[in-house]
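**Q** The structure under discussion is supplied below as C-alpha cells; questions concerning it will follow.
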Amino acid sequence: MTKKITADDIRKSVANDDVRFIRLTFTDINGTLKAVEVPNSQLEKVLTNDVRFDGSSIDGFVRLEESDMVLYPDFSTWSVLPWTDSQGGKIGCLICSVHMTDGKPFAGDPRNNLKRIVEQMKDMGFSAFDIGFEAEFHLLKLDENGNWTTKVPDHASYFDLTSNDESASCRRDIVETLESIGFEVEAAHHEVGDGQQEIDFKFDDALTTADRVQTFKMVVREIAKKHGLFATFMAKPLQGQAGNGMHTNMSLFKNGKNAFYDKNNKFHLSNTALYFLNGILNHARAITAVANPTVNSYKRLIPGYEAPVYISWASKNRSPMVRVPSAEEVNTRLEMRSADPTANPYLLLAACLAAGLDGIKREEMPMDPINCNLFDVSEDQRNKMGIKPLPSTLHNALKAFKEDKLIQDALGKHLTQSFTSSKELEWSQYAETVSDWERNRYMGY
C-alpha cells in the first residue's frame, strides 16, 4: 500500500527541495513523538543506519549502562515538511525504528513491537491488518503570554457549517498541509464539543496508520500554533463538553480480500470477524489500559457524552464499545469506539490485533448484539444480558491489564514493565493530588 522510496529518492529530494535538516522521529512508551535532528551533511549516516542517541533519558527505554541506541529510518515514511526552519530551508522527516548497537531491534520500541505482532498475524495466513483512525482534537485560545487557556475559538457543534471562524480556517490549513505531505484526507468537520474538530485520513495497514497518526498530531499542533491557537488531543480537556475519542476501525485481509466480509452472514460479517470481535470483547478491560492510558481518559468514559461505558457490540447502535458500520465489502470493519488519542497507537494496535487473533484461534462467537441504548438500561438488566462495564479509572484498568497475560504478551516483557511502571506512577501522583473541587467541597468539615 505504501509506495517504495529508495535512498536515491531521498538524496534527490534533499537536493531539489532545499532540505537543510533531517528530523528522525521515534515514539516512547507514552506515545510521545521524540526526534533527533541532523544537518543534511549527515545524510549518508541517516541512510546507512548510523545515527545514534542516548536511550537512557527516554521514558521506558533502557538503563544508563546500556544507553546507546541506533535509529533505523523507514524510507517509505520520507516527507518534506511544508514549513521552513529559521534560515528558510526545509526540514525532511523520517520515522524510525530503534535498534541496539548490534543491529537487533530494540524490544522496548513500540514500533518494533507492532511489527512483531503483525508477523504473528501473517503466520496465521493473513496479509494485512487495515486500520482507520478517527482522532479528535480541540482547538483552544492562547493568552497574552502564549499559554493555552480553556477558552475556545468557536461554539459550533457537530457538522456545523463554520466557514469564517478561526477554527474552520485552521482546519482547512491542516488538511492542505497533510495533503502536501502525502496524506489522503477523506473528511474534515466540526465535532460535537465547542472547539472540537475531526479530520479523517484514508485507512492503511497497521504500521503505516500508526506512523501517520503520529505525524498527524505533529502537523495539527504546528498549524494550530501558526493560527495563534493551541491544539490538544487530551481525552477530556473541557468539563461538561464531549471528550476526544480515537475510534479505531479494524479489518483483516487475506489473499487480497477482506476476511471480515461474508455476504451470506448477518451484518455481512464473516465468522472470522465475529471470532476477532469476541477476542476484543474478552480482553476489553485489559485493552482499556492501553487504549485509555491517562487518568483523564476516564473523565471521558462516562454516560452522556457518546463515549462507550459497557463491553458490548452492535450494528447501528453507538452506545456499545464496538460498532459494525454499514459498508461495502472492502470497507467491512469493526469500529472500536472506546480508545482516545492519548493512546500510543503502536501499543493500541498490537493489543487489539493480539486479542483478535486469540479470538480467531478459539473460534468462539461473541454475545448477541445490543439493539437498545445501554444508558437507558438498569444495572440489573445489564447483568442479565451479561454486559460488563469498562474500567472506570486508570487504577482499575491497570489491575485488569496485570491479570491478562495475553495482552501483556502483546506488548512483550520490556514494554509491559515500562508501561506498568509509568502508569502506576501516574496514578500514584494523581491519588496524592488535592484538587480545588475537594477543597471547595470539604474545607468546612
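The values are calculated or read from the model by the stated rules, or taken from the named source; none is laboratory data. Values in this document were obtained by computation on a predicted structure and should not be read as measured data. Ideal geometry is used to build each Cβ from the backbone, glycine not excepted, and the neighbour counts take in all protein chains shown. Heavy atoms of the whole protein, side chains included, go into the accessibility calculation; ligands, DNA and RNA do not. Shrake-Rupley method; radii C 1.70, N 1.55, O 1.52, S 1.80 Å.
**Q** If you roll a 1.4 Å probe over segment 353-430 with all protein chains in place, what percent of the accessible area is carbon or sulfur?
**A** Details: 2000 of 4400 Å².
That share works out to 46 percent.
**Q** Right, something else. Counting every Cα pair in segment 1-156, what percent are over 29 Å apart? Don't skip to the end; give the middle numbers.
**A** On the way: 4142 of 12090 pairs.
In whole percent, the long-distance tail amounts to 34.
**Q** What is the list of residues in segment 270-308 whose amide nitrogen lies under 20 Å from a point 7 angstrom out from the Cα of residue 402, following Cα to Cβ?
**A** Label zone hits: 283-298.
**Q** In addition: Over segment 97-192, one equal point on each Cα, no solvent: what is log10 I(q)/I(0) by the Debye formula at q = 0.11, 0.15, 0.23 Å⁻¹?
**A** The Cα Debye sum returns log10 ratios of -0.62, -0.85, -1.18.
**Q** Can you work out the accessible area per residue across the chain, with the rest of the protein chains kept in place, probe 1.4 Å, in square angstrom?
**A** Here the residues of the chain average 46 Å² of exposed surface.
**Q** Now, a different point. Non-local amide H neighbours of residue 243 (under 5 Å, H modeled in plane, Pro and chain starts lacking H): which ones?
**A** none
**Q** Of 342, 310, 414, which is farthest on the positive side of the dipole of the chain, counting Cα position, with +1 on Lys and Arg Cβ, -1 on Asp and Glu Cβ, and the Cα centre as origin?
**A** Result: 310, furthest along the dipole toward the positive end.
**Q** Which of 228, 203, 170 sits farthest toward the positive end of the charge dipole of segment 159-235, with +1 on the Cβ of Lys and Arg and -1 on the Cβ of Asp and Glu?
**A** It is 228, whose Cα lies furthest towards the positive end.
**Q** Further, regarding this structure: Sorted by average packing, counted as other Cβ atoms within 10 angstrom per residue and highest first, what order do 261-273, 363-375 take?
**A** Working: 261-273: 16.3, 363-375: 14.5.
Result, highest mean first: 261-273, 363-375.
**Q** Explain nothing, just the number: relative contact order of the chain, from Cα pairs under 8 Å at least 6 residues apart, as a whole percent. Walk me through the intermediate numbers first.
**A** Numbers: 879 pairs, mean separation 65.9, N = 445.
Taking the mean separation of contacting Cα pairs over the length of the chain, I get 15 percent.
**Q** Considering only the other residues whose Cβ falls under 10 Å of the Cβ of residue 332, what net charge follows from Lys and Arg at +1 and Asp and Glu at -1? Could the numbers behind the result be given before it?
**A** On the way: positive: 263, 333; negative: 262, 328, 329.
My count for the surroundings of residue 332 gives -1.
**Q** Also, I was wondering about something else. Give me the tail of P(r) for segment 307-359 as a percent: Cα-Cα pairs with distance above 16 Å. Before the final figure, lay out the partial values.
**A** Working: 692 of 1378 pairs.
More than 16 Å apart: 50 percent of the Cα pairs in segment 307-359.
**Q** For the residue pair residue 116 and residue 393, what label-to-label distance in nm results when each label sits 7 Å from Cα along the Cα-to-beta-carbon direction?
**A** Distance between label points: 3.1 nm.
**Q** Sticking with this structure for a sec: Show me, for segment 364-375, the HN-Hα J-couplings you get by feeding each phi into the Karplus relation (A = 6.51, B = -1.76, C = 1.60, θ = phi - 60°), rounded to Hz, glycine and proline as x.
**A** Rounded to whole hertz, the list is 10, 6, x, 4, 5, x, 9, 10, 10, 7, 5, 6.
**Q** Next question, about the same structure. Can you tell which of 325, 303, 39 shows the greatest fluctuation in a Gaussian network model of the chain with Cα springs below 10 Å?
**A** Looking only at 325, 303, 39, the largest GNM fluctuation is found for 39.
**Q** Along segment 208-225, what does the Karplus equation 6.51 cos²θ - 1.76 cosθ + 1.60 (θ = phi - 60°) give for ³J(HN,Hα), rounded to whole Hz, x for Gly and Pro?
**A** Taking θ as phi minus 60°, the curve returns 4, 5, 4, 4, 5, 5, 5, 5, 4, 4, 4, 5, 4, 5, 5, 5, 4, 4 Hz for segment 208-225.
**Q** With the crude spin-label approximation of a point 7 Å out along Cα→Cβ, what separation in nm comes out for residue 155 versus residue 52?
**A** With each label point 7 Å from Cα toward Cβ, the separation is 5.9 nm.
**Q** Compute the semi-axes of the equivalent ellipsoid of the chain, taking the square root of 5 times each eigenvalue of the Cα gyration tensor, and list them largest first in whole Å.
**A** Details: eigenvalues 222, 153, 112 Å².
Output for the chain: semi-axes of 33, 28, 24 Å.
**Q** Further, regarding this structure: How high is the FRET efficiency from residue 377 to residue 4, r the C-beta distance, R0 60 Å, rounded to 0.05?
**A** Details: r = 52 Å, r/R0 = 0.86.
After rounding to 0.05, the efficiency reads 0.70.
**Q** Measuring from centroid to centroid over Cα atoms, what is the spacing of segment 275-291 and segment 178-236 in Å?
**A** Spelled out, the Cα-based centre of one part sits 25 Å from the other.
**Q** So, one more: Using the Karplus curve 6.51 cos²θ - 1.76 cosθ + 1.60 with θ = phi - 60°, work out ³J(HN,Hα) for each residue of segment 350-363 in order, rounded to whole Hz, and write x for Gly and Pro.
**A** Rounded to whole hertz, the list is 5, 5, 5, 5, 4, 5, x, 5, 4, x, 5, 5, 7, 6.
**Q** Percent of Cα-Cα pairs more than 19 Å apart in segment 200-319, please. Don't jump to the answer; show the numbers that get you there.
**A** On the way: 4424 of 7140 pairs.
Cα-Cα pairs in segment 200-319 separated by more than 19 Å: 62 percent.
**Q** Say each of residue 421 and residue 438 gets a label point 7 Å from the Cα, pointing the same way as Cα to Cβ; how far apart are those two points in nm?
**A** Going by the 7 Å Cα→Cβ label model, 2.7 nm.
**Q** If the cut-off is 25 Å between C-alpha atoms, which lysines fall inside it for residue 361, apart from same-chain ones fewer than 8 positions away?
**A** Cα-Cα hits under 25 Å: 115, 122, 254, 257, 263, 266, 388, 402, 405, 413.
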